[in-house]
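Heads up, the thing below is written out as structure tokens.
Just so you know, all these numbers are worked out from the coordinates, no wet-lab data involved. This one's a predicted model, so the numbers in the text were calculated from it and none came from an experiment. Neighbour counts run over all protein chains shown; Cβ positions are idealised from the backbone, glycine included.
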Amino acid sequence: MTALYFAFASNMVTTQMAERCPGAESRGVAALEDHRFRVGRRGYATVIGEPGATVYGILWGLRPEHEAALDVYEGVRHGLYRKVWLPVRSAADGAEQSAIVYVASDQARGNAVAGYMEKVVAAAEWHALPAAYIDELRGWLPNHE
């Protein structure tokens, strides 16, 4: 493995990552501090800087071919997302490590595409992310009250 990747949205879905990046290794739950989850104008997740907020997700160990596949999937070459390295903290041992995070180029708030947030919430529940954070994610579901 050559890089760590912090997945905070649909790439938390283990089966999706197995298809997209066969052989990528889950390294468990991690937290990106001073950031908040947001659905962007295109209908997909991003993170925005916000002091005191935390985004939870899954750390993945990637090989170079995985990183290349994710760059294509996230539209890096087309400017849809940019790849940045940010410090994330492992839930298992509290260690801080630098990980790839894909951040949408357009940070404007939007509405999720159909079925997208349902997958994100289900993955967050499956990985047993903090209950308050899962509630925050549910707030992005269509017709959420």
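Summary of computed values
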{"read-out": "Residue-averaged [θ]222 nm for the chain, counting only DSSP H segments that reach four residues, each worth -39500 (n - 2.57)", "value": "-7000 deg cm²/dmol"}
{"read-out": "Gyration tensor (alpha-carbon) shape descriptor, segment 38-145, a/c threshold 1.5", "value": "oblate"}
{"read-out": "Cα gyration tensor shape of segment 1-49, rounded if a/c is under 1.5, else prolate or oblate by comparing a/b with b/c", "value": "oblate"}
{"read-out": "Around Pro51: net Lys/Arg minus Asp/Glu count, Cβ-Cβ under 13 Å", "value": "-2"}
{"read-out": "Mean Cα-pair separation over length for segment 61-105, i.e. relative contact order, pairs under 8 Å, 6 or more apart, %", "value": "32"}
{"read-out": "Relative packing of 91-98, 76-83, 54-61, which averages over residues the other C-beta atoms within 10 Å, highest first", "value": "54-61, 76-83, 91-98"}
{"read-out": "Projected label distance in nm at Trp85 and Asp34, using a 7 Å step from Cα toward the beta-carbon", "value": "1.8"}
